[in-house]
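Novice: Before we start, here is the structure in question, set down as C-alpha cells.
The values are calculated or read from the model by the stated rules, or taken from the named source; none is laboratory data. Computed from a predicted model, the values in this text were never measured in an experiment. As a convention, Cβ positions derive from the backbone with ideal geometry for all residues, glycine included, and neighbour counts pool all protein chains shown. Note: areas computed on protein heavy atoms with side chains; ligands, DNA, RNA excluded. Shrake-Rupley method; radii C 1.70, N 1.55, O 1.52, S 1.80 Å.
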Amino acid sequence: MDVAVQQPVLPADVTTTLLDSHTYANLDLLSSTYAWLRRNMPLGVAKSRNFDPFWVVTRHADILEVSKNNKVFHNGDRATILTDRYTDLLVRYLRDGSPHLARTLAHMDDPDHRKYRALTSNWFTASNLARREEAIREIARGFIDRMMARERECDFVTDVAVHYPLHVIMQILGVPIEDEPLMLRLTRQVFGNLDEDLNRSGETVVTAEQGLKGLQEAVDEFFRYFDVITQDRRIRPRDDLATVIAQGIVDDAPIGSFEAMSYYSLVSTAGHDTVSASTAGALLGLATHPAQFAKLREDSELITRLVEESIRWTSPVRHFMRTATEDYTLSGQDIRKGDWLMLCYLSGNQDEAIFEDPLAFRLDRATNKHVAFGFGGHMCLGQHLARMEMRVFFEELLPRISHLELAGEPQHSKAVFVGGLKSLPLRFTPV
Ligand code: HEM
C-alpha cells in the first residue's frame with residue numbers, strides 16, 4: 001500500500017502502543033489510546049517498520065460502514081488479523097501464496113462466503129438453537145455446582161469460564177468429551193499465541209518465526225484431528241454440526257477437506273474463547289459493581305441486558321482486518337484500493353457518540369447497539385448461541401450466590417486478536 005503524504009499518520013508512540021501485545025493486557029491503556037484516536041484521529045494510518053501500513057478505524061459509525069460494505073471491503077484479499085510483514089511472507093510461502101493459514105468463512109468473500117455460510121446458517125438460528133437450551137442448561141448447572149464446591153473462592157476463568165463454552169461447542173460439534181482438554185489447549189494456543197502463559201512453547205515470543213511456528217503447529221493439529229471426524233461423519237452421519245459440515249455440498253460437489261477442516265476449526269475456536277471472555281467479563285463487572293449485582297438479583301429480567309452489556313464491555317474480539325477493493329471515501333478520508341483497515345471493535349463499543357459513559361458497566365442501557373459481533377455479511381454466526389449460553393448461565397447462577405467480590409487482581413491476556421481475562425479470583429457467598 002502506498003499511503004499518500006496528506007493522509008493522517010498516527011504518532012509513532014500511538015502506533016507502538018497499538019502494536020504491542022502488552023497493551024491488550026492493560027485495558028486502561030488500551031481504552032485511553034482508543035479514546036485519543038477517536039477524538040484526534042478517528043481514521044489514521046499506522047506506519048511501522050515491521051507491518052504494512054494500515055488504517056486504524058476507531059469510531060462506531062466507521063466500523064459499521066466498513067463492515068456493511070462487503071463488496072468494497074474484503075476479508076480474503078489480505079490477512080484478516082493484524083500480521084507483520086515477515087509472518088505474512090511465511091504464511092504465503094507455506095500456503096502457496098494465500099495470506100491465510102486456513103480457509104474459513106472469515107477468510108472468504110462472496111460468492112463463496114455466501115455459499116459456505118448457508119451450509120450452517122440454519123443451525124445457528126435462535127429457533128434451531130432453542131431445542132438445545134435444556135442440554136446447555138444442564139452443562140451450565142454442572143459447572144455452577146463445581147464452582148459452589150470451591151468453598152466460596154475460585155478462579156472463575158480457569159475453574160469455570162474456559163470450560164463451560166468449550167463443553168457446549170464440543171457437544172454441538174459432536175466432539176467426544178475426552179477430547180475437550182486437547183481442544184482447550186489448541187484454542188488457547190491459537191488465540192494466546194503471543195502470551196507465554198497460553199502459547200504452545202510456553203516461552204516469550206520474540207520473533208515472528210517463533211510466533212508463526214506455534215500457530216501453524218496448533219492449526220495443523222486441529223486439522224489432523226478434524227480430518228478423522230470428517231471421514232467418520234461422511235460414513236456415519238449423526239445429529240451434530242460436524243455431520244452438517246462433513247456432508248456440506250457447494251456448487252454440486254462435496255466441500256473440500258481443507259474447507260471442512262477450516263470450518264470445524266473456526267467454529268471450535270470462535271465459539272469458545274469469546275464466550276469465556278464475555279462470561280468472565282460479566283462476573284468482573286458484577287463483582288466490581290455491587291449495586292448492579294443487587295439490582296440484577298432483584299430483577300432477573302435484567303439478565304438480557306447483563307448479557308449485552310458484558311459483551312459490549314469486554315468486546316473479546318479486539319479487531320478484524322479488511323482490504324479495500326476500490327478507492328472509497330470514508331468519513332472524508334481517501335481510502336485507496338488495496339488499503340488495509342483495522343476495525344477496532346472495543347473502541348467502537350467505547351464510542352462516546354453512541355454510548356453514554358462508555359467505560360462504565362451499566363445494566364440500565366435500554367438499547368445497546370454494540371459492534372462486538374461485527375456487522376454486515378460476516379456478522380458473528382454464533383451470536384444467538386453466545387447470548388443463549390450466557391443467559392442460561394446467569395439464570396442458573398444468580399439464584400445461587402448472594403454476594404460477590406474480587407479475591408485478587410484480575411489479569412487480562414496479551415492477545416491482540418481475541419482476548420479477555422485469563423485469571424479472575426472471586427470470593428462468593430452461596431445462597
Ligand atoms: C460473545 C461471544 C462472541 C463474540 C464477541 C464474537 C464476535 C465475532 C466477530 C467480531 C466476528 C467477525 C464479524 C465481522 O467480521 O463482521 C465473528 C465472526 C464469527 N463468529 Fe463469533 N463471536 C462470539 C461467539 C461465537 C460463537 C459462540 C460462535 C459459534 C460457533 C461464533 C462463530 C463465528 C463464526 C463462524 C464467525 C465467522 C462469520 C463469517 O465470517 O461469516 N462466534 N464473531
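Novice: For region 419-431, does any single residue satisfy the condition of being surrounded by fewer than 23 Cβ atoms within 10 Å (Cβ to Cβ), within 14 Å of the ligand (Cβ to nearest atom) and of a type in the set (A, V, I, L, M, F, W, C)?
Specialist: No; the residues of region 419-431 include none that is surrounded by fewer than 23 Cβ atoms within 10 Å (Cβ to Cβ), within 14 Å of the ligand (Cβ to nearest atom) and of a type in the set (A, V, I, L, M, F, W, C).
Novice: So in region 277-291, with the set limited to residues that are open to solvent by less than 10 Å² (accessible area, probe 1.4 Å) and among the polar types (S, T, N, Q), which one is nearest to the ligand (Cβ to nearest atom)?
Specialist: Ser278
Novice: OK, next. It is to be established whether one or more residues within region 238-255 are in contact with an Asp or Glu (Cβ under 7 Å, 6 or more places away or on another chain), modelled with pLDDT under 95 and part of a helix (DSSP H, G or I).
Specialist: No, every residue in region 238-255 fails to be in contact with an Asp or Glu (Cβ under 7 Å, 6 or more places away or on another chain), modelled with pLDDT under 95 and part of a helix (DSSP H, G or I).
Novice: Consider only pairs whose beta carbons are under 8 Å apart and that are at least six residues apart or on different chains; among these, list those whose first residue lies in region 80-109 and is within 21 Å of Ser257 (Cα to Cα) and whose second residue is assigned to a loop (DSSP other than H, G, I, E, B) and open to solvent by 30 Å² or more (accessible area, probe 1.4 Å).
Specialist: Val91/Ser98; Arg92/Ser98; Pro99/Asp77; Pro99/Arg78; Leu101/Arg95; Leu105/Leu381; Asp109/Asn70; Asp109/Asp77
Novice: Something else about it: Give the residue that is farthest from the ligand (Cβ to nearest atom), with candidates limited to residues of region 116-126 that are assigned to a helix (DSSP H, G or I) and of a type outside the set (Phe, Trp, Tyr).
Specialist: Among residues in region 116-126 that are assigned to a helix (DSSP H, G or I) and of a type outside the set (Phe, Trp, Tyr), the one farthest from the ligand (Cβ to nearest atom) is Ala126.
Novice: Another question about this same structure. Condition (residue is surrounded by fewer than 21 Cβ atoms within 10 Å (Cβ to Cβ) and assigned to a loop (DSSP other than H, G, I, E, B)) applied to region 340-351: is it met by at least one residue?
Specialist: No, there is no match, as no residue in region 340-351 is surrounded by fewer than 21 Cβ atoms within 10 Å (Cβ to Cβ) and assigned to a loop (DSSP other than H, G, I, E, B).
Novice: Now a separate question. Which members of region 393-418 meet the condition of being away from the ligand (no atom under 13 Å from the Cβ) and of a type in the set (Val, Ile, Thr)?
Specialist: Ile401, Val416
Novice: Shifting gears a bit: Regarding His113, is this residue at negative phi, assigned to a helix (DSSP H, G or I) and within 20 Å of the chain's Cα centre (by Cα)?
Specialist: Here the answer is yes, as His113 does meet what is asked.
Novice: Taking only pairs six or more apart or across chains, which ones have beta-carbon atoms under 8 Å, a first residue in region 355-379 that is under 21 Å from Glu298 (Cα atoms), and a second residue that is among the small types (Gly, Ala, Ser) and more than 9 Å from the ligand (Cβ to nearest atom)?
Specialist: Phe361/Gly285
Novice: Filtering region 83-110 down to residues that are in a loop (DSSP other than H, G, I, E, B) and within 14 Å of the ligand (Cβ to nearest atom), which residue is surrounded by the fewest Cβ atoms within 10 Å (Cβ to Cβ)?
Specialist: Of everything passing the filter in region 83-110, Asp110 is surrounded by the fewest Cβ atoms within 10 Å (Cβ to Cβ).
Novice: Looking at the structure I just gave you, is Tyr263 open to solvent by 20 Å² or more (accessible area, probe 1.4 Å) and not hydrophobic (A, V, I, L, M, F, W, C)?
Specialist: The answer is no for Tyr263.
Novice: Scanning for something more than 16 Å from the chain's Cα centre (by Cα) and more than 7 Å from the ligand (Cβ to nearest atom), does region 380-388 turn up at least one residue?
Specialist: yes
Novice: In region 245-271, which residues are more than 12 Å from the ligand (Cβ to nearest atom) and either among the hydrophobic types (A, V, I, L, M, F, W, C) or under 18 Å from Leu381 (Cα atoms) (or both)?
Specialist: Correct list: Ala246, Gly248, Ile249, Val250, Ala253, Ile255, Phe258, Glu259, Ala260, Met261.
Novice: I'd like to check something: does region 316-336 contain any residue that is of a type in the set (A, V, I, L, M, F, W, C), within 30 Å of Ala407 (Cα to Cα) and either surrounded by fewer than 21 Cβ atoms within 10 Å (Cβ to Cβ) or within 16 Å of the ligand (Cβ to nearest atom) (or both)?
Specialist: yes
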